[in-house]
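Structure, as structure tokens:
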Amino acid sequence: MNTEQVLRWLQRFATKIEQNKEYLTELDAAIGDADHGINMERGFKKLLVQLPTYSSKDIGSILKAVSMTLISSIGGASGPLYGTFFLRASAAVADKDELDERDMLDLLKAGLDGVMERGKTQLGDKTMLDVLYPAVTVYEKAVGEGKLMRVAMQQAIDRAEQALQETSMLQAKKGRASYLGERSVGHQDPGAASCFLMLKCLCDSL
């Protein structure tokens, strides 16, 4: 994956957030503050404006700039979580202009670790982690088997899509949704939904 593809990924993701703002907000209305789509769209709208200025940067610097933009412009828990994902990812691929399969694994694992630490969350808590963790696990296994990045990433997306549906069966243990207790069961997690969009756009950009 080269710099151009990374920029394409970010542009696709920002566009998808804009297109799915109402959908994400509806998901959040059922179990949260009804602002996930609105908050995400605000941050990624700002990112879209800034993306053209990133074209001369290396991949690590691009992801770090993304992090700063999201942290400063997305409200709620999403800003710190997505900001941390991209900040940790940027450190894992610092100074690189191209990523191979292992570099991508380093990027994803660093981002995953950041989300776990920042959110103080674990698998099964009904958060974005419930999509991110299984996707990264499948990608790592596929790369270990010698699969090319696009094949490995497609396998990860297939698992992420399944994991997203599975969040409906979980009881929320973090954030506003946790106040609902058992009533949070039966609803898809909005953070998991936006995380799936992020991973899907990454795959589509390869």
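One table, with the values for the structure above:
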| item | result |
| --- | --- |
| Which numbered condition Leu108 misses (of (1) closer than 23 Å to Leu27 by Cα; (2) modelled with pLDDT of 95 or more; (3) among the aliphatic types (A, V, I, L, M)) | (1) |
| Members of the stretch 71-112 that are of a type in the set (Asp, Glu) and more than 14 Å from Glu140 (Cα to Cα) | Asp95, Asp97, Glu98 |
| Members of the stretch 145-192 that are among the basic types (Lys, Arg) and at pLDDT 90 or above | Lys147, Arg150, Arg159 |
| Matching option when the condition is more than 12 Å from Gly111 (Cα to Cα) and in contact with a helix residue (DSSP H, G or I) (Cβ under 8 Å, 6 or more places away or on another chain), among Gly83, Gly79 | Gly79 |
| Any hit, the stretch 56-68, residues being closer than 17 Å to Gly114 by Cα and hydroxyl-bearing (Ser, Thr, Tyr) | yes |
| Top-ranked residue in the stretch 127-163 [being outside any helix (DSSP H, G or I) and not acidic (Asp, Glu); ranked as farthest from the chain's Cα centre (by Cα)] | Gly146 |
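The values are calculated or read from the model by the stated rules, or taken from the named source; none is laboratory data. Quick caveat: nothing in here was measured; it's all calculated off a predicted structure. Quick reminder, even Gly has a Cβ in these numbers, built from the backbone with ideal geometry, and neighbours come from all protein chains shown.
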